[in-house]
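Below is one structure, written out as structure tokens; comments come after it.
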Amino acid sequence: MDILRFATAGSVDDGKSTLIGRLLYDSKSTFTDRLEAVEDVSRRRGDEYTNLALLMDGLRAEREQGITIDVAYGYFATPKRKFILADTPGHAQYTRNMVTGASTADLAIVLVDATKGMVEQSRRHTFLLGLLGVPHLVVCVNKMDLVGYDQGVFDRIRAEFSAFTTRMATRDVTFVPISALHGDNVVSRSAEMPWYEGGSLLHHLENVHISSDRNMVDVRFPVQYVIRPQSSACPDYRGYAGQVAGGVLRPGDEVMHLPSGLTTRVAAIDGPDGPLDEATPPMSVVLRLADNLDVSRGDMICRPHNAPAVAQDIDAMVVWMSERALRPPARLLLKHTTRTVRAVVREMRYRLDVNTLRRDTSATELRCNEISRLELRVTQPLLCDPYSRNRLTGSFILIDEETNHTVGAGVIN
Amino acid sequence: MSLEMLEAESIHIIREVASEFERPALLFSGGKDSIVMLRLAEKAFRPAPMPFALVHVDTGHNFPEVLDYRDKRVAELGVRLIVASVQDSIDAGRVIEPTGRRASRNRLQTTTLLDVIAEHRFDVAFGGARRDEEKARAKERIFSFRDEVGQWDPRNQRPELWNLFNTRIRPGEHIRVFPLSNWTELDVWRYIARDELDVPPIYFAHRRRVFERDGMLLAENPYQSPDPAEVVSEATVRYRTVGDMTCTGAVLSGARTVDDIIQEVATTRITERGATRADDRTSEAAMEDRKREGYF
């Protein structure tokens, strides 16, 4: 059984929490004590119905304000798959928390209210999910019950959405007409929409093909930690631990070490339970090499004729996450794979209006939750790929050295 | 395959801590989650020993079977164990022992934990908490920042993207790291089965003298006495979580093997904390409040 990590984006108004409640409840994944606690709170607050949003809004402030502020993670399973759900906030002011949840997602659900159609928030979410390279998108057109389950409404919204997504890199976009409130097309097919030929949302979540989403072509192994016991039992053991970020590694393979450019062979691969015949993403393994090279944390193992870029000038899209605005030139720390370096933000090429996708080339500062294309110069080269090629070797975070806060997230162009 | 993915993620997290921090500690209670976490730490550095000490916060009200297990496991691994004792904190006047019928030392652990972190200048502590346990934990980052007085600020968490963890802190601050964040109770048991891990015997069905309080079965124990109305009787029970004897409830169960437990957990409709923890029942946001103060 594999795991699907998926994110939901939206606010209570879209019926997001109702949808999650439905998924958990109808797939029999909600525990009775949690449901009782939610019913109890709903009753005390005088809600007319059991507010399933409370299942996920776990912080006191969220319950008081009735909004999602930060990502909540939920776990459920069906006989086909295990699911890790990252329920993320929809409001623009919590964009940084939304991207936290979406950065590791295989799939994301965008909710659209059938009575309203595509709104600013749907555009922003869809754009961000595309920027973060979430491979599969599911647009749930919700509240179909309120438009008489009309196919015309669904088709119009689908066309509008498709026009927007064709400008993005997201390859797989699926549309499902639902009513979260009544459960239509959430867990099982609805009898109200015979014109809809696809499966239910859960059916899609269970069956979407994700095994080819990871890069199995370009070998990328960022060295995380050097294991050298120097004990009497294994005096000569020297292994390089890390998580495979791309490609397939096998004992005997010729590999290249960066930044040295020296080549050697993989002598052995040690997994958590002993020697392995091959290692693929996202396995955490230990490589032993045939020759004694000077390898340390932050280095990269790749193939001789398929190496990442060795770059000091970085062109990237950055989501800014700090209340303190960014005004280039600015000095920051940049963490990329297992390497942390100093970086100077030299220039802002443009700031992007995520609602219109319009580029503002006259912008000089970047405020919290805004997105910009930046030019950075790093003190030590990054061993990197375009984000569209590899989500792990194409991403970085920016850290303010003064406050130690994570202030930005970047994807390399 | 899903266990292998979870294992790979956890090992990555554990190695990242060993790479980027100076003085890590691993909080080990002898409970099922910390047993799995310890196993993952063992695997992460093989054939080298794990490069950190274990810390146990001992309330003085622990189950003796769990302490025996803890000592046996520590001896097997040959690692250093630091026991931080709540009794010592009480004796030193750092905390005041609560009194009354529902008195529990559970909350006092926070002070003892923060004191041991400060005393040994640990800059990071691994915890076995999982997000599926409780709604406040479902909101917490894998690398969770604590300020100089050990507090968690849920409104101001560091964004955490991809597998890139911000490990930077100032002296006196620390980070709690939860490698099992994405594991469920069922995953933990399946892993225990797969790796044939030994666990304390109280996880399996046994006969025990218990009394019912607030819908939970508490063990007859030396630290609290049942009210006259609370009848002590013998039942076949097991523990789903391991905590203080005074606030950890047993569940009626006939599960005698790990496979039995997996069957039971796969079909239960009640969360482990809902079934067994009095400490979470004091208010709607009990866990969030304790976590803000620096609790596990």
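Quick note: the coordinates plus some simple rules give every number you see, no bench work behind them. The structure presented is a predicted model; accordingly, all values stated were derived computationally and were not measured. FYI the Cβ positions are ideal-geometry reconstructions off the backbone, even for glycines, and counts take in every protein chain you see.
Fully extending the segment from A:ASP273 to A:VAL41, taken as 0.36 nm per residue of separation minus the present Cα-Cα distance, adds 78.9 nm. Dividing the summed helix terms, -39500 (n - 2.57) for each DSSP H run of n ≥ 4, by the number of residues in chain A produces a 222 nm estimate of -5500 deg cm²/dmol to the nearest 500. With R₀ fixed at 45 Å, the C-beta to C-beta distance from B:LEU252 to A:ASP315 puts the FRET efficiency at about 0.10.
Residue-wise HN-Hα couplings along the range A:120-130, as the Karplus relation 6.51 cos²θ - 1.76 cosθ + 1.60 with θ = phi - 60° gives them from phi, are 3, 5, 5, 5, 4, 4, 4, 5, 4, 5, x Hz; Gly and Pro carry x. When B:TYR239, A:TYR149, B:TYR203 are sorted by how many other C-beta atoms sit within 10 angstrom of their C-beta, beginning with the fewest, the order is A:TYR149, B:TYR203, B:TYR239.
Estimated from helical segments only, the mean residue ellipticity of chain B at 222 nm is -10000 deg cm²/dmol, where each DSSP H run of four or more residues counts as -39500 (n - 2.57). Modelled this way, with points 7 Å down the Cα-to-C-beta line, the labels at B:ARG269 and B:SER85 are 4.6 nm from one another. Cross-link partners for B:LYS43 among the lysines, with Cα-Cα distance under 22 Å and sequence neighbours closer than 8 places in the same chain left out: B:LYS32, B:LYS72.
What the phi angles of the range B:199-205 give under the Karplus curve with 6.51, -1.76 and 1.60, with θ = phi - 60°, is a coupling list of 10, x, x, 6, 6, 9, 4 Hz, glycine and proline written as x. Please check chain B for the longest run free of GluC sites (Glu not before Pro) that are loop-located per DSSP (anything but H, G, I, E, B) and have at most 14 other Cβ atoms within 10 Å. Longest stretch, sites excluded: B:23-147. Backbone geometry of the range A:96-106 corresponds, through the Karplus equation with coefficients 6.51, -1.76 and 1.60 at θ = phi - 60°, to 3J(HN,Hα) couplings of 4, 6, 5, 5, 4, x, 7, 4, 9, 7, 7 Hz, x marking Gly and Pro.
The amide H of B:THR241, built 1.01 Å from its N in the peptide plane, has no neighbour under 5 Å, considering only residues 5 or more places off or on other chains.
Taking Cα atoms only, the orientation of helix A:16-26 departs from the longest principal axis of chain A by about 90 degrees.
Among the GluC sites (Glu not before Pro) within the range A:21-111, those in coil by DSSP and having at most 16 neighbouring Cβ atoms inside 10 Å are A:GLU48.
Assuming charge only on the beta carbon of Lys and Arg (+1) and of Asp and Glu (-1), the dipole of the protein assembly as shown about its Cα centre is about 1160 debye to the nearest 20. In whole angstrom, note down how far apart the Cα centers of the range A:202-241 and the range B:15-85 are. Using only Cα atoms, the two centres lie 24 Å from each other.
A Förster distance of 35 Å, applied to the separation of the beta-carbon atoms of B:VAL232 and B:GLU148, puts the FRET efficiency at 0.15. Axis angle, to the nearest 10 degrees, between helix B:258-267 and the longest C-alpha principal axis of chain B: 90 degrees. FRET efficiency for the pair B:ASP260 and B:ARG170, taken as 1/(1 + (r/R0)^6) with r the Cβ-Cβ distance and R0 = 51 Å, rounds to 0.55. The range B:233-256 and the range A:380-403 have Cα centres separated by 48 Å. Dividing the convex hull volume of the alpha carbon atoms of the range A:351-413 by its residue count gives 118 Å³ per residue. Taking amide H as placed 1.01 Å from N in the peptide plane, the amide H of A:PHE175 sits under 5 Å from that of A:VAL139, each at least 5 places away or on another chain.
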